[in-house]
Amino acid sequence: MYYSIAIEPPSTPSECFGVIVPDLPGCFSAGDSIDDAIKSSCEAIYLHLDGISDDGEEIPLAKIVSDHANNPDFQGMIWALVDIDLSKYDVKAIKST
């Protein structure tokens, strides 16, 4: 499944690229470059999904980028998709609202 990630460019050269995963509230990451931010977001997503699974909750399905891109909270963000393998989770995925 492809999860959309919103990448926030750094405000200064000493800051990192921040990452938010809109379909997984509380899931975030960062990286020194866009590539690092995308890679670290995959790790963050798997850790987040592990927690959801451990709690016996259902894994939310990802929405498409356009569902998030018009949200004012994500203005100025760079969008990317990360491919996440949900087959390792015993929990049935549900449609996100």
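Taking each residue of the stretch 31-53 that is on the phi < 0 side of the Ramachandran plot and looking for partners that are part of a helix (DSSP H, G or I) with beta-carbon atoms closer than 7 Å, six or more apart or interchain, yields GLY31/ALA37; GLY31/LYS39; GLY31/SER40. In a residue-by-residue description of the stretch 46-58, the property of being at pLDDT 95 or above and touching a Leu at 6+ places or on another chain (Cβ under 7 Å) applies to at least one position. Here ALA44 passes the criteria (1) more than 23 Å from SER87 (Cα to Cα); (2) under 9 Å from the mean Cα position of the chain (by Cα); (3) hydrophobic (A, V, I, L, M, F, W, C) except the one numbered (1).
The values are calculated or read from the model by the stated rules, or taken from the named source; none is laboratory data. This is a predicted model, so every value here is computed, not measured. Cβ atoms come from the backbone with ideal geometry, glycine included; neighbour counts cover every protein chain shown.
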